[in-house]
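Participant: My questions will all concern the structure given below.
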């Protein structure tokens with residue numbers, strides 16, 4: 001008799017993606033799951049809260065957690081961001097520390113990465129943006145330094161932007177995860193409510209179209225969400241901290257705000273696969289980044305999702 005072949009065991013687990021601001025964590029998350037679940041900007045500290053995304057493949061399910069960039073926390077918003085980073089270190093099956101390889105061997109990166117020291121979870125060091133490194137030999141001392149400092153299980157050079165090395169990373173992650181069940185249905189992508197994702201898309205466009213003095217002072221609150229089978233009506237407020245920032249966001253004759261709305265509406269329609277009617281308003285709320293109640297209001301965990309109000 002021919003012995004029956006044993007079926008491969010299913011692997012699953014929780015993987016946190018950490019790193020300094022602008023390392024490319026959100027771009028990596030989007031590349032890994034093949035869908036845009038986290039907004040992307042060249043402005044530091046674009047990601048303000050942990051973003052979960054799920055990759056389901058035959059025989060494996062990976063639950064990723066993108067986190068805010070590791071930075072010094074002085075104001076309340078930044079302190080909360082760092083709290084979410086520390087939470088992401090707890091009870092993980094694997095940790096990814098991302099580095100902007102195009103910046104060279106940065107001692108500030110080495111120092112910031114100390115946050116992962118002593119964690120029991122296996123550590124992968126991902127050297128991102130290798131598409132910007134013309135001489136790949138420059139990566140070798142960087143790889144060696146990280147191996148000496150942190151003894152990671154893997155050091156993987158890749159480009160999250162163009163996808164080079166992504167498949168290899170996924171294979172290594174799956175191999176490093178324990179045997180386990182599926183935690184979510186096959187079609188589950190993220191735990192972020194749709195109205196939060198819509199607000200984040202709006203904020204992304206503000207970051208893209210406004211000058212350097214505005215981004216950190218911008219928050220978006222979706223105040224109205226009415227959904228029918230073919231149309232979603234959304235009203236959102238873009239909050240800034242000063243009158244001058246309000247003028248920048250609105251632009252001459254309202255042109256900047258109009259462009260923000262057009263670009264955001266198109267992306268939200270792609271997300272929801274429905275027509276969207278989007279109204280945007282701009283309001284000044286001084287020092288909102290230090291206001292606990294307002295920070296609770298813009299936290300996605302306090303949102304109800306895309307249900308009509």
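The values are calculated or read from the model by the stated rules, or taken from the named source; none is laboratory data. What you are looking at is a predicted structure, and each value in this text was computed from that prediction instead of being measured. With ideal geometry, Cβ positions are generated from the backbone for all residues, glycine too; neighbour counts draw on all protein chains shown.
Participant: Look at residue 40 and say whether it is in contact with a strand residue (DSSP E or B) (Cβ under 9 Å, 6 or more places away or on another chain) and modelled with pLDDT of 60 or more.
Facilitator: Working: in contact with a strand residue (DSSP E or B) (Cβ under 9 Å, 6 or more places away or on another chain): no; modelled with pLDDT of 60 or more: yes.
So residue 40 does not fit the description; no.
Participant: Output yes when any residue across the range 179-190 is under 20 Å from residue 123 (Cα atoms) and either touching a residue at least 40 places away in the same chain (Cβ under 8 Å) or in contact with a strand residue (DSSP E or B) (Cβ under 9 Å, 6 or more places away or on another chain) (or both), and no when none is.
Facilitator: Yes, some residue in the range 179-190 is under 20 Å from residue 123 (Cα atoms) and either touching a residue at least 40 places away in the same chain (Cβ under 8 Å) or in contact with a strand residue (DSSP E or B) (Cβ under 9 Å, 6 or more places away or on another chain) (or both).
Participant: Here's something else I'd like to know. Taking the range 176-190, which residues are over 27 Å from residue 261 (Cβ atoms) and surrounded by 15 or more Cβ atoms within 10 Å (Cβ to Cβ)?
Facilitator: 176, 177, 180, 184, 188
Participant: Please work out which residue is farthest from residue 242 (Cα to Cα), limiting yourself to the range 191-231 and to residues that are exposed (fewer than 15 other Cβ atoms within 10 Å of the Cβ) and touching a strand residue (DSSP E or B) at 6+ places or on another chain (Cβ under 8 Å).
Facilitator: Among those residues, the one meeting the criterion is 230.
Participant: Additional query: Output the helices (runs of 4 or more DSSP H) that fall wholly within the range 182-298 and possess 1 or more residues being farther than 28 Å from residue 33 by Cα and not assigned by TED's automatic domain parsing to the domain that holds residue 30, or say none.
Facilitator: Ranges flagged: 243-250, 255-272, 292-297.
Participant: Kindly establish whether residue 118 is over 22 Å from the mean Cα position of the chain (by Cα), assigned to a loop (DSSP other than H, G, I, E, B) and not assigned by TED's automatic domain parsing to the domain that holds residue 280.
Facilitator: Yes, satisfied.
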